[in-house]
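Below: one structure, written as C-alpha cells.
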Amino acid sequence: MEQQGGGFGGGETFADRLNYLLSVAGTGDAEHGGRWRNFSTGEVADIITRSTDEYPVKLSRSYLGMLRTGRYTNPSITVVLALVRFFNDHLPQGHPEISVDWLASGESRARREEPADQLSPLADQQVRHIAMRAGKMTPELRNQLIAILDMMDGKT
C-alpha cells in the first residue's frame with residue numbers, strides 16, 4: 001500500500017487523502033457475514049461526533065463532505081487529529097498507520113527526516129517565525145503546542 005516516495009496513495013490535496021482513507025477504511029460488518037464494508041461520509045461524521053471520549057470534536061456530515069470535495073481545505077488541528085485517530089482505528093489489517101503530517105500535508109515520515117543542515121532557507125525562516133510566535137504565548141499555550149508537535153511526530 002506504500003506508494004512511490006514512501007507515502008500512501010491519496011494524492012496531493014487534503015481532499016484526495018481524505019477520499020483515499022474513506023476508500024480503504026471500514027469495518028467487518030456482522031450484518032453482512034463479516035465482510036469488509038467501507039464507511040460513508042455520514043457514518044464517519046456520526047461516529048466521531050458521538051464518541052466524545054475518543055474524538056473530542058463535533059464533525060457534521062456536511063462539513064466532512066465539504067472537506068472531501070475540497071470546498072473546505074483548512075480543517076482545524078482538532079479535526080485532523082480526530083480523523084487520524086478514527087482512520088487508524090479502522091484501517092484494514094496490515095495497512096500502516098497514517099500520521100497527522102501525512103493527512104494534513106502529504107508529508108511522509110521518510111521525507112520529513114532530512115538532516116537539519118539540509119533545511120531549505122524557507123524552512124529555516126518558518127522555524128524562526130514559529131519560535132518567535134511561541135515566545136509570545138502563555139505557558140499553557142506553549143504546552144498545548146508541544147503536545148500537538150509530539151502527536152505530529154508520533155510520540156504520543
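For the pair THR69 and MET132, what calculated FRET efficiency results from E = 1/(1 + (r/R0)^6), where r is the Cβ-Cβ distance and R0 = 35 Å, to the nearest 0.05?
0.45
Suppose R0 equals 22 Å. What FRET efficiency, 1/(1 + (r/R0)^6) with r the Cβ-Cβ distance, do ARG35 and ILE148 give to the nearest 0.05? Let's see the in-between values first.
Details: r = 37 Å, r/R0 = 1.70.
With R0 = 22 Å, the Cβ-Cβ based efficiency is 0.05.
Treat each spin label as a single point 7 Å out from the Cα along the C-beta direction, and report the THR78 to GLU12 distance in nm.
The two pseudo-label positions are separated by 3.2 nm.
First measure r as the distance between the Cβ atoms of GLN93 and GLU54, then evaluate 1/(1 + (r/R0)^6) with R0 = 22 Å and state the FRET efficiency to the nearest 0.05. Working shown, then result.
On the way: r = 20 Å, r/R0 = 0.91.
After rounding to 0.05, the efficiency reads 0.65.
Report the percentage of all Cα-Cα pairs in the stretch 34-77 whose separation exceeds 18 Å, rounded to a whole percent.
Value for the stretch 34-77 (Cα pairs over 18 Å): 34 percent.
Bear in mind these aren't lab numbers, they're just calculated from the coordinates by the rules spelled out. The shown structure was predicted, so the numbers you read here are calculated from the model rather than taken from an experiment. FYI the Cβ positions are ideal-geometry reconstructions off the backbone, even for glycines, and counts take in every protein chain you see.
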